[in-house]
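The values are calculated or read from the model by the stated rules, or taken from the named source; none is laboratory data. Since this is a predicted model, take the numbers as computed values, not measurements. Cβ sites come from the backbone with ideal geometry, for glycine too, and all protein chains shown count toward neighbours. Protein only, heavy atoms only, side chains kept; ligands, DNA and RNA dropped before computing areas. Shrake-Rupley method; radii C 1.70, N 1.55, O 1.52, S 1.80 Å.
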Amino acid sequence: MKRYRSYRSNAGGSNVRRWRVAGIAGVAVALVGVGLGVANAATSDAVPTVNCPQVAPQLPAIPASAKAEVERNLALLNTQIQEANKRLASTVGQGGPNFIQNAILGPLKGKRASTIDRIAISIGRSAAKPNLPVDSLATCGLNQNGGGNAAPEPTAVTAAAGNAGANGAGAVPTVNCPDVKINVAIPASAQAEIDQNLALLQTQIQEANKRLASTVGQGGPNFIQNAILGPLKDKRFSTINRMETAIGRTAAKPNLNAEGLSTCSLNQ
């Protein structure tokens, strides 16, 4: 009986030791797990932010007439950055390895490119349209550890004093059209129509000059010829022809040289 009791006592002690070892190991695993969880949480705390190049320093002198529109679009660039940062924070861990590029940085680049284009166009309405490096200015990277400037663009810009913006771009050209002189007697019945068409020729010139001023810097090398001088020639040709027809209703129809007098050039 004594041997049996001794054996039971030893067996019980062995079991206790095994449970103690198992318990210590379990606590160790639990502590390691907690440590990994804390480490992961610390790593995920550093949410990246977008890092975009500043546009304002790349702009030329801004005409006073474009100041408000330029400021609105610079403010929009800041808003786009802030919205992208919010999206980065709200989508941590989502998507695959290309999620940020495809869902955030790519769309941001498209929005920025459109906004920068609008800035250039607004300046080009009253000065030389700037040739901005849109692709590089629109492309943003990441601040992997967060931070960065969420509003890199200024809230206000300085407009060029006086006409500095227009002068810097050079004088805006104007159209130079030959005078239309009628060297035949004008029947009384045609006089009013002749006067109306002579006035229309002047209106056409004024409209062409306005178009030249409002489209400075637009289009390629043939823009002025194709979009302004060409259509002006057609309008003048038709107007001069109408004057020939008006006279010809009650007198001999004259040849006022519509082909030669309809072509205009530029006062550069």
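List of remarks:
- Cβ-Cβ under 7 Å pairs, at least 6 apart or on other chains, the range 128-142 side among the β-branched types (Val, Ile, Thr), far side at pLDDT 90 or above: 134/113; 134/116; 134/117; 139/109
- Test: residue 124 is of a type outside the set (Ser, Thr, Tyr), in contact (Cβ under 8 Å) with a residue 60 or more places away in the chain and within 22 Å of residue 87 (Cα to Cα): no
- Evaluation of residue 220 against the conditions (1) in contact with a Cys (Cβ under 6 Å, 6 or more places away or on another chain); (2) part of a loop (DSSP other than H, G, I, E, B) shows that the sole unmet condition is (1).
- Restricting attention to the range 120-134 and to residues that are of a type in the set (S, T, N, Q) and not in a helix (DSSP H, G or I), the residue that is least open to solvent (accessible area, probe 1.4 Å) turns out to be 126.
- Residue within the range 64-77 that is β-branched (Val, Ile, Thr), more than 23 Å from residue 125 (Cβ to Cβ) and open to solvent by less than 20 Å² (accessible area, probe 1.4 Å) present: no
- The range 102-119 - residue that is of a type in the set (Lys, Arg) and touching a residue at least 40 places away in the same chain (Cβ under 8 Å) and, of those, surrounded by the most Cβ atoms within 10 Å (Cβ to Cβ): 112
- Test: residue in the range 136-154 that is among the hydroxyl-bearing types (Ser, Thr, Tyr), under 10 Å from the mean Cα position of the chain (by Cα) and surrounded by fewer than 17 Cβ atoms within 10 Å (Cβ to Cβ): no
- Within the range 248-260, considering residues that are aliphatic (A, V, I, L, M) and within 12 Å of residue 184 (Cα to Cα), the one surrounded by the most Cβ atoms within 10 Å (Cβ to Cβ): 256
- Within the span defined as the range 45-60, every residue fails to be closer than 30 Å to residue 159 by Cα, at pLDDT 95 or above and part of a helix (DSSP H, G or I).
- Where residue 85 falls short, out of the listed (1) over 17 Å from the mean Cα position of the chain (by Cα); (2) touching a residue at least 40 places away in the same chain (Cβ under 8 Å); (3) open to solvent by 80 Å² or more (accessible area, probe 1.4 Å): (3)
- A single member of 263, 203, 245 is open to solvent by 50 Å² or more (accessible area, probe 1.4 Å) and touching a residue at least 60 places away in the same chain (Cβ under 8 Å), and it is 263.
- Residue match in the range 244-260 (condition: under 27 Å from residue 63 (Cβ atoms) and assigned to a helix (DSSP H, G or I)): no
To keep it simple, each residue is scored yes or no on (1) in a strand (DSSP E or B); (2) surrounded by 13 or more Cβ atoms within 10 Å (Cβ to Cβ); (3) at pLDDT 95 or above.
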residue	(1), (2), (3)
185	no, no, no
207	no, yes, no
224	no, yes, no
232	no, yes, yes
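- Every condition in (1) assigned to a loop (DSSP other than H, G, I, E, B); (2) at pLDDT below 85; (3) surrounded by 12 or more Cβ atoms within 10 Å (Cβ to Cβ) holds for residue 178 except the one numbered (2).
- Verdict on residue 79 being modelled with pLDDT of 90 or more, over 26 Å from the mean Cα position of the chain (by Cα) and not basic (Lys, Arg): no
- Scanning the range 88-101 for residues that are open to solvent by less than 70 Å² (accessible area, probe 1.4 Å) and either closer than 14 Å to residue 51 by Cα or assigned to a helix (DSSP H, G or I) (or both) yields 88, 89, 99, 100.
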